[in-house]
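Heads up: the structure comes next, in structure tokens.
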Amino acid sequence: MSTKDAIALLAGAIIVVSLVGTTKTHPATAASPLGNASGTLPGLAPIISDADKARARALIKRLRVKGLGPNTGYERTRYGENWADSAIGVPYARNGCRTRDDLLARDGQNVKYRAGSSCEVVSMELTDPYTGRTIYWRKADADEVQVDHVVPLNYAWRMGAPRWPMSKRLDFANDPLNLLPVDGEANEQKDASGPASWLPPQRLIRCAYVTRFAQVALKYDVPVRTADKKMMIDQCR
């Protein structure tokens, strides 16, 4: 093969690779919420040891309680455009990628991006913390994986978010601490529920889930219902 032919063949190979897009492979080992206060580590690992459960209970006990307020005036747009990269005070803010893609990339394995993009995730594998399922996700079936707000937007609204400045609501809706890619059906079952009304089907993860719920509520000073606080403490016994 001549040098000229070799260069042409290499150029062709480069074109083919660029059409396929890039793939990111990383361990994506799930992190315990107790060691992930920023929310930038992937997934949600179970809290198992007695010492860690005691730490989780201490965190939960710091939560304020109040009754659930009215739903008056709630719309998703009160927290900004869905997944827009418009928050300011949270990790991944203003990085040029939509929030949903940031979270899929954080928690997914064998993540593939659209050709020419370093943001738009088109396929990945996800170990769902809520059900324990391994989901082989493709963008064509987008709703199979949904990004859950651990403390739901509507729950926060009924607990005082109408009085927040818009910048705080934007941060709350796009904070990776409050976001988990999960099984879509489980997320729809949860809806806007607090822990007294809904917990992940996978029992092993429940203490970690309520700990994450408490971390978000404390960060944004969101009170919880008395029944929710009791349920949260019970999950970490």
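Listed here are the pairs K66/K219; K61/K190; K53/K190; K112/K229; K53/K168; K139/K219; which of them are more than 28 Å apart at the Cα?
K112/K229; K53/K168; K139/K219
Taking the simple approach of a point 7 Å from Cα along Cα-to-Cβ for both A196 and E125, what is their distance in nm?
Reported label-point gap for A196 and E125 is 4.1 nm.
Using a simple charge model, +1 on the beta-carbon of Lys and Arg, -1 on the beta-carbon of Asp and Glu, nothing else, what dipole does the chain show about its Cα centre, in debye to the nearest 20?
For this selection, approximately 1040 debye.
So who's got an amide H within less than 5 Å of the one on V145, skipping anything under 5 residues away but keeping other chains? H placed 1.01 Å off N, in plane.
The list, which skips near neighbours in sequence, is G184.
With runs of 4+ DSSP H residues as the only contributors, calculate the mean residue ellipticity of the chain at 222 nm using -39,500 (n - 2.57) per run, divided by the residue total and rounded to the nearest 500.
-10500 deg cm²/dmol
Using a Debye calculation, one point per C-alpha and no hydration shell, please list log10 I(q)/I(0) for the chain at q = 0.08, 0.16, 0.17, 0.18 Å⁻¹ in order.
-0.33, -1.14, -1.27, -1.40
Each label point is 7 Å from the Cα along the Cα-to-Cβ direction; what then is the distance between the points at A58 and T29, in nm?
The answer from the label model is 2.5 nm.
Share of region 108-237's accessible area from carbon and sulfur, percent, 1.4 Å?
The value for region 108-237 is 45 percent carbon and sulfur by accessible area.
Assuming R0 = 41 Å, can you tell me the calculated FRET efficiency for the pair I88 and D50, based on Cβ-Cβ distance, to the nearest 0.05?
0.55
Short version: ³J(HN,Hα) in whole Hz for each residue of region 148-155, in order, from phi by Karplus 6.51 cos²θ - 1.76 cosθ + 1.60 (θ = phi - 60°), x for Gly and Pro, what are they?
7, 7, 4, 8, x, 4, 5, 4
Sorted by packing (mean other beta-carbon atoms within 10 Å per residue), highest first, where do 85-94, 160-169 land?
Packing proxy ranking, top to bottom: 85-94, 160-169.
Once both axes come from the Cα atoms, what is the angle between helix 226-235 and the longest principal axis of the chain, in degrees from 0 to 90, rounded to 10?
Here the helix axis deviates by roughly 60 degrees.
Please list, ordered by chain and number, the residues whose modelled amide H lies under 5 Å from the amide H of L179; skip anything fewer than 5 residues away on the same chain.
V150
Which far-off residues, 5 or more places away or on another chain, put their amide H under 5 Å from the one on V224, with H placed in the peptide plane?
R64, V65, K66
Calculate how steeply helix 206-219 sits against the longest principal axis of the alpha-carbon atoms of the chain, using the helix alpha-carbon long axis, and give the answer as 0 to 90 degrees to the nearest 10.
For 206-219 against the chain, the angle is about 80 degrees.
Compare the peptides 50-61, 192-203, 70-81 by average per-residue count of other Cβ atoms within 10 angstrom and give them in order, highest first.
So the order, starting with the most tightly packed, is 192-203, 50-61, 70-81.
The values are calculated or read from the model by the stated rules, or taken from the named source; none is laboratory data. The shown structure was predicted, so the numbers you read here are calculated from the model rather than taken from an experiment. Methodologically, a virtual Cβ is constructed for each residue, glycine included, from the backbone with ideal geometry; neighbour enumeration extends over all protein chains shown. Side chains are part of the model used for accessible areas, which takes the heavy atoms of the whole protein and leaves out ligands, DNA and RNA. Shrake-Rupley method; radii C 1.70, N 1.55, O 1.52, S 1.80 Å.
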